[in-house]
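Since the structure comes first, as C-alpha cells, the remarks are kept for the end.
None of the figures in this text is laboratory data; all of them are computed from the coordinates on show. These numbers come from a predicted model, not from an experiment. Note that each Cβ is placed from the backbone with ideal geometry, even for glycine, and that neighbours are counted across all protein chains shown.
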Amino acid sequence: MKTKTLVWILVFLLPVLFTTAYSAPVSDAINLVLDGDYAADVSDAINLILGITSAPTDTCTYPGSGNWEVDCADNCVITTSVDIGSNDLIISGTGTFTVDSGGAIQAGGKNQRGTDSVNRCKVYTINGGVINSG
C-alpha cells in the first residue's frame, strides 16, 4: 500500500514541481571565465578593457562598407582620398558638401539631392578636390 501511495503522490506532485515558473536570479555580478591558471577570490580586482568602436558623430566619415550616405546639413569638407569602390555616394538634405585641397572621392555612382527646390544641397570641388564616379 505504501508503494502505491508513493507512486500516486509522485504522479501528481512531479508535474507540479516541473511546471512552476522559472525566475532568473537577479544580480549585479558578472561571471568571468579566465583561461590559464588564474585563480581569483572576491577581493581580487579585475580590470576589463573592452574595445568599443563608436559610430561617427556626423556623416562626413565613410563607414567602411556599403553606400556612403551623407547628410548635407553636416557641411562636410573632405581633404583626404576616400575610395568607396563600386558603392554610391549619396548626398542629401540642405547644406554643403565640399571636396577640397587634393581630397578625392572614388565612387561607383553619385546621387545628390536637396530637401526641396529652395533648400538645396550644394556640392563643391575646389582647390584640386575631385569626385570620380561611374
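What's the FRET efficiency of LYS122 with SER65 using the Cβ-Cβ distance as r and R₀ = 35 Å, to the nearest 0.05? Calculated value: 0.80.
3J(HN,Hα) along segment 129-134: x, 9, 10, 9, 9, x Hz, from the Karplus curve 6.51 cos²θ - 1.76 cosθ + 1.60 with θ = phi - 60°, whole Hz, x for Gly and Pro.
Under the convention that each Lys and Arg Cβ holds +1 and each Asp and Glu Cβ holds -1, the size of the dipole of segment 68-133 around its Cα centre is about 200 debye.
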